[in-house]
Amino acid sequence: MCGISGLISPTPRPLSAWILAMTDAIRHRGPDDEGFALEHGGRMSLFSGAQTPEAVLCTPTPYQPLGPLPADAPQGRVALGHRRLSIVDLAPSGHQPMTFEEGRFTIVYNGEVYNHPELRAELVAKGHVFASRSDTEVVLAAYREWGVSCLHRFNGMFAFLIHDRQAGTVFAARDRFGVKPLYYWRSPEGLLAFASEIKQFTVLPGWRARLNAQRVYDFMSAGIADHCDETMFADVRQLRGGQFILSDLNTLAEAGPLLVQRWYELQPRPEGLSFERASERFRELFTQSIELRLRAEVPVGTGLSGGLDSSSIVCQTNLHLRQSGSHVLQNTFSACAQLKQYDEREYINEVVGHTQVKAHYVFPDVNELLERLGLLTWHQDEPFAGTSIFAEWCVYQSVATTDVKVTLDGHGADEMLAGYHSFFPPHLGKLFRQGHWRRLRREIEAARRIHGHGNRQAIESICSNLLPHTVLEFLRRAAGKVPVTADWMNIVSLGVDDYAFFDRWEHSEDVQALSRSQLLVTSLPVQLHWADRDSMAHGIESRLPFLDYRLVEFVLGCEDEFKLSEGQTKRMLREGMRGVLPEKVRTRQDKMGFVTPEVHWMQQESRGRFLAMVDRAHEQCRGVLNQKALDKAHRILHGQEAFNRFAWRMISLGAWMERFGVSA
């Protein structure tokens, strides 16, 4: 796991100072090494940085740096920068930027291709010769051998830039689900920049932080972000998961949109299995995924919230280690709370006792949250929707105090296994449309018994799924449940289209469709953003076993009822982990995750501080949010309006506008 930088200029110009500044802005992503590549006169030269290890400078490799990056380096059109977190091939041979085929190809790469040993063997059989044990060099050789189609052979998470000196092209790509980030921005002078984090653009000439009002509206109205290629910064875009760019330098240097293409489409892979056999197949694929993600040359730990997903990872990892004869002590990391209704130690300790792991506990503190809000905002790059991001931050902060450099985490399971209660409307609506009245009645009764859903909630769920969005919107507004416009935001002057983006995407006709939407648009992408920034802020690599594409495609292709039925969510996971998970955890029906006592903090313990913060946010967001936004936030904090995260989003937006100097 690393951080990358790239610059492409329309004409030769000095790029060394800019690529150095960009790369230095993300030193937290790669504390172990740094390197640079500059194109000039038709050739690519490699340089070291102040934090390049001496061993890299002394070890002969085909990509050994010439020496320190000079401030007066020759002018050129392409510059690449890299910060390294060493996980695979810890030797100097893992240094980047890395070249291949006598310097024709140069790469900067962030991520892990877990099946690189198998790919290496295949490439060696085809005559390729390697100078390292790293997956980076395998990516280069795979591109040389198979071109863009190499992406389909990779099982992992990645974002990279490859410069082909002979063809005069740049190839940029991102993994299937967008676990690893890749942003781009073009300066007013035409300098095209690629980066792992948005903050890297702030050091470039011509940068001006300007508000993308439409995306800010999406965030403030529904807490959604990373649902399209735009960001909350105007003119900053990202490659989405499963997208790539392959273009020559002259085309890239032209003003206008880049030609972004899609290399991966999420497709269900139905196998026609019974529920029992599908649960077994789930377990097989899940086990394979974990085994692949345990490949590392540094200690690997696991996040443990006490829920089904993280507990399954911990228990299956523990079983694998024991069966393989490993004596490595497994470390788990958990966020807890002093208030019982927000604390999951009851379930965490079940898993800890079952596996005999070494458990680490953190207790997120509201005072620390408020004191570090500016730092969190800087690392996140954009406003974030709730304080659970801080709980995750505290977990990785705890990991960083140990020798663990990699964690296995549970993102993606809820979206593909129907873990959220938002899956009940399409589930019930489908039964209604198909006329399965007896089963519908059983499902409504089970939802009432297990989750406390009343008949009214069931009727609303069915109607929300059956009626067209325009009809639902009319009925909601007629009932006074939503304002005619977002009157808390200056939408007219900002040119915002007042529409319910989130509702449209969540309005799915069945469980599979909603899973697809949540995996690709409304839920998972922003969670991956938060997890990437929280983990990399502390130099930790987070790996996600549930997002092995083979597992996702299999689960998506299974019957909806294999995931949600009789009021029970994640049925395949529960059945597949029978005998592996403690029964108390396997059969639990409630859900929290890495939560904080957010309601208690904001309405009771620290209400005065939060009131002062929304007042300050109102000033910070002048021109964007108006007095009605402040009034709404005050009502929420005083308990005069049903609690929601609007007040927090307002605080986060204000902190972001101030920290990055964003203008409306």
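The protection proxy used here, the mean number of other Cβ atoms lying within 10 Å of each residue, ranks peptides 31-41, 344-354 as follows, highest first: 31-41, 344-354. Here the range 187-327 is treated as a Stokes sphere of Kirkwood radius computed over C-alpha pairs; at 10 °C and 1.306 mPa s its diffusion coefficient rounds to 79 µm²/s.
Per-residue extension of 0.36 nm, minus the Cα-Cα distance of H152 and N644, leaves a gain of 173.0 nm for this segment.
Provide the convex hull volume over Cα atoms per residue for the range 516-664, in Å³.
189
Please give the FRET efficiency for N349 paired with E118, using the beta carbon to beta carbon distance and R0 = 51 Å, rounded to the nearest 0.05.
Taking R0 as 51 Å, the efficiency between N349 and E118 is 0.85.
Listed peptides 406-414, 368-376 appear in the order 406-414, 368-376 once ranked by packing, highest mean of other Cβ atoms within 10 Å at the front.
On the basis of the beta-carbon distance and an R0 of 22 Å, Q51 and L90 show a calculated FRET efficiency of 0.90. What residues from the range 629-664 fall in the zone where the backbone N is under 13 Å from a label point 7 Å along the Cα-to-C-beta line of S493? Under cut-off, by backbone N: 664. Placing a label point 7 Å from the Cα of A513 along the Cα-to-Cβ direction, the residues of the range 430-453 whose backbone N falls under 14 Å from that point are 430-434. For the pair the range 131-150 and the range 424-470, the centres of their Cα atoms are 50 angstrom apart.
Cross-link pairs exceeding 27 Å between alpha carbons, from the set K358/K584; K358/K405; K340/K405; K358/K591; K199/K340: K340/K405; K199/K340.
Taken over the Cα atoms of the chain, the convex hull encloses 156 Å³ per residue. Could you tell me which of rounded, prolate or oblate describes the range 158-226, using a ≥ b ≥ c as the square roots of the eigenvalues of the alpha-carbon gyration tensor, with rounded for a/c under 1.5 and, failing that, prolate when a/b is larger than b/c and oblate otherwise? The shape class here is oblate. For the pair the range 587-664 / the range 386-420, the C-alpha centres are spaced 23 Å from each other. Secondary-structure-derived ellipticity at 222 nm for the chain, considering helices only, amounts to -11500 deg cm²/dmol, per-run term -39500 (n - 2.57) for DSSP H runs with n ≥ 4. Over the range 598-659, all Cα pairs binned in 10 Å intervals from 0 give whole-percent P(r) values of 26, 58, 16, 0, listed from short to long. Angle of helix 524-536 to the longest C-alpha principal axis of the chain, folded into 0 to 90 degrees and rounded to 10: 50°. Between E101 and T11, the C-beta separation translates, for a Förster distance of 25 Å, into a calculated FRET efficiency of about 0.35. Once you put a point 7 Å from the Cα of E566 and another 7 Å from the Cα of W437, both along the Cβ direction, what distance in nm separates them? It is 2.4 nm. Using alpha carbon centroids, what distance separates the range 351-380 and the range 255-309, in Å? What the calculation gives is 25 Å, centre to centre. Protection proxy ranking of 615-628, 536-549, 289-302, by the mean of other Cβ atoms within 10 Å over each peptide's residues and highest first, is 536-549, 289-302, 615-628. Placing a label point 7 Å from the Cα of Q166 along the Cα-to-Cβ direction, the residues of the range 31-54 whose backbone N falls under 18 Å of that point are 42-45.
Relative to the present Cα-Cα distance, how much length would full extension add between R208 and L329 at 0.36 nm per residue of separation? It would help to have the intermediate numbers written out before the result.
Details: separation 121, 0.36 × 121 = 43.56 nm, distance 4.87 nm.
Once the chain is fully extended between R208 and L329, it gains 38.7 nm.
The distance between label points at D365 and E445 comes to 5.2 nm (points 7 Å beyond Cα on the Cα→Cβ vector).
At the listed q of 0.07, 0.11, 0.13, 0.14 Å⁻¹, the Debye profile of the range 2-262, built from one uniform point per Cα, gives log10 I(q)/I(0) equal to -0.22, -0.56, -0.78, -0.92.
Quick note: the coordinates plus some simple rules give every number you see, no bench work behind them. Not measured: the values here are computed from a predicted model. Neighbour counts run over all protein chains shown; Cβ positions are idealised from the backbone, glycine included.
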